Amino acid sequence: MTGYFFDTSALAKAYHPEIGTPKVLSLLTEQESDFVISSLSVIEIQSVFSQKVRDGVLSDADYELLKKRFGADIQSKKLVVKNLLRTHQRRAEQLLEKWARARRLRTLDAIQLGAVLELSPKLSLDHFVCADKHLAEIARLEGLSVINPDEG
């Protein structure tokens, strides 16, 4: 069984076509695999969908449909949501201290990375799925196996 932790940058590709969507959909159809997201992604995905409405990429009706699809994936346990813990926040603080002065590491990205680093050994997560090249680079430097669906 393979365990995947999805960052919102990659997860959004499952709900609206863009570069990397075929790879994300391929991963999400793997049988006997676990797909984990943080509770932060539940908030961030709504922001992603809202931005697409503001940009004229999605209609209000499409927005509602995507929210329902995402909610159904959580309800059915296709996506397992893990709540953020103080240990994830502490790890994010450490990551910011270590990397943010020399590399682009934003607050919410640090929280996602802190969560996956803390959860990986406990949940036997094999891969961090992330479409943000800056975050993916730092995740690799932290020793994670990263799948960037935007890369060949």
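Side notes on the structure shown:
- GNM flexibility winner over the chain from Arg69, Arg90, Arg101 (Cα, springs under 10 Å): Arg101
- Cross-link pairs exceeding 19 Å in C-alpha to C-alpha distance, out of Lys13/Lys68; Lys23/Lys68; Lys23/Lys78; Lys82/Lys122; Lys13/Lys67; Lys78/Lys133, comprise Lys23/Lys68; Lys78/Lys133.
- The overall shape of the range 3-147 is prolate: from the C-alpha gyration tensor, with semi-axes ordered a ≥ b ≥ c, the ratio a/c is 1.5 or greater and a/b exceeds b/c.
- Taking amide H atoms as placed 1.01 Å from N in the peptide plane, the amide H of Val80 lies under 5 Å from those of Phe35, Val36, Ile37, each 5 or more residues away in sequence or on another chain.
- The length gained by stretching the chain between Arg140 and Gln46 to full extension, at 0.36 nm per residue less their Cα-Cα distance, is 31.1 nm.
- Multiplying the residue separation of Ile74 and Ser39 by 0.36 nm and subtracting their alpha-carbon distance yields 11.5 nm.
- The H on the amide N of Leu58, modeled in the peptide plane, is under 5 Å from the matching H of Val53, each at least 5 residues off or on a different chain.
Read-outs: derived from the displayed coordinates by stated rules, not from any lab. These figures come from a predicted structure and were not determined experimentally.
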